[in-house]
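*Asks:* The structure's right below; bear with me while I get my questions together.
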Amino acid sequence: QVQLVESGGGLVQAWGSLRLDCAVSGSSFSLNTMGWYRQLPGKPRELVATITSGGSTNYADSVKGRFTISRDNAKTTVYLQMNTLKAEDTAIYYCALLGHFRDYWGHGTQVTVSS
């Protein structure tokens, strides 16, 4: 079955950087759009960034210019490089494989930014 495992979350000071990794197994990774989403306390899950199989990217306005999504099809891994982090970026970050028939989700990784 399809499995997504996130790593790289943690505690960082404001203006710092973190990189999140999402390792994917059990799917045709290179054919699917991948995404990062986040859920802030008490709020619904929201889109952070997506990257298509062809490498086209899309970002939420709140992270444009600070976050970069990328993928390595050989390693079946998607990354989220987060720079200039702000306290409002504190959330649980989820990796998603956006399939043709259904989406698959990881269990999430906590990112906490201290101000």
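The values are calculated or read from the model by the stated rules, or taken from the named source; none is laboratory data. Because the structure is predicted, anything quoted here is derived from the model rather than measured. Every residue, glycine as well, gets a Cβ built from its backbone with ideal geometry; the counts of neighbours run over all protein chains shown. Heads up: the accessible areas ignore ligands, DNA and RNA and are worked out on the full protein's heavy atoms, side chains in. Shrake-Rupley method; radii C 1.70, N 1.55, O 1.52, S 1.80 Å.
*Asks:* Can you tell me which condition Lys75 does not meet? The list is (1) closer than 22 Å to Ser17 by Cα; (2) outside any strand (DSSP E or B); (3) among the charged types (D, E, K, R), and all the others hold.
*Replies:* (1)
*Asks:* Determine which single condition Gly108 fails, assuming it passes every other condition in (1) on the phi < 0 side of the Ramachandran plot; (2) out of contact with any Ser or Thr (no Cβ under 8 Å at 6 or more places or on another chain).
*Replies:* The number of the failed condition is (1).
*Asks:* Here is a list of conditions, (1) farther than 18 Å from His107 by Cβ; (2) part of a loop (DSSP other than H, G, I, E, B); (3) polar (S, T, N, Q), and Ser30 meets all of them except one; can you say which number that is?
*Replies:* (2)
*Asks:* Can you tell me how many residues within the range 74-85 are surrounded by 15 or more Cβ atoms within 10 Å (Cβ to Cβ) and more than 10 Å from the chain's Cα centre (by Cα)?
*Replies:* Number of matching residues: 3.
*Asks:* Residues to consider are Gly42, Gly16, Gly55, Gly65; find the one that is modelled with pLDDT under 95 and over 13 Å from the mean Cα position of the chain (by Cα).
*Replies:* Being modelled with pLDDT under 95 and over 13 Å from the mean Cα position of the chain (by Cα) holds for just one of Gly42, Gly16, Gly55, Gly65, which is Gly42.
*Asks:* Specify which of the listed residues (Ile69, Ile92) is aliphatic (A, V, I, L, M), in a strand (DSSP E or B) and under 13 Å from Leu18 (Cα atoms). Please lay out each step first, then the result.
*Replies:* On the way: Ile92 fails: under 13 Å from Leu18 (Cα atoms).
Exactly one of Ile69, Ile92 is aliphatic (A, V, I, L, M), in a strand (DSSP E or B) and under 13 Å from Leu18 (Cα atoms), namely Ile69.
*Asks:* When the range 70-115 is examined, which residues are found to be in contact (Cβ under 8 Å) with a residue 24 or more places away in the chain and of a type in the set (A, V, I, L, M)?
*Replies:* Val78, Leu80, Met82, Leu85, Ala87, Ala91, Ile92, Ala96, Leu97, Leu98, Val111, Val113
*Asks:* If Leu11 satisfies all but one of (1) of a type in the set (A, V, I, L, M, F, W, C); (2) buried (at least 16 other Cβ atoms within 10 Å of the Cβ); (3) more than 16 Å from the chain's Cα centre (by Cα), what's the number of the condition it fails?
*Replies:* (2)
*Asks:* For residues that are part of a loop (DSSP other than H, G, I, E, B) and open to solvent by less than 30 Å² (accessible area, probe 1.4 Å), tally how many sit in the range 34-66. First the steps, then the outcome.
*Replies:* Pass one, the range 34-66, residues part of a loop (DSSP other than H, G, I, E, B): 40-45, 52-56, 60-66.
Next cut, open to solvent by less than 30 Å² (accessible area, probe 1.4 Å) only: 60, 63, 66.
Residues flagged as part of a loop (DSSP other than H, G, I, E, B) and open to solvent by less than 30 Å² (accessible area, probe 1.4 Å) within the range 34-66 amount to 3.
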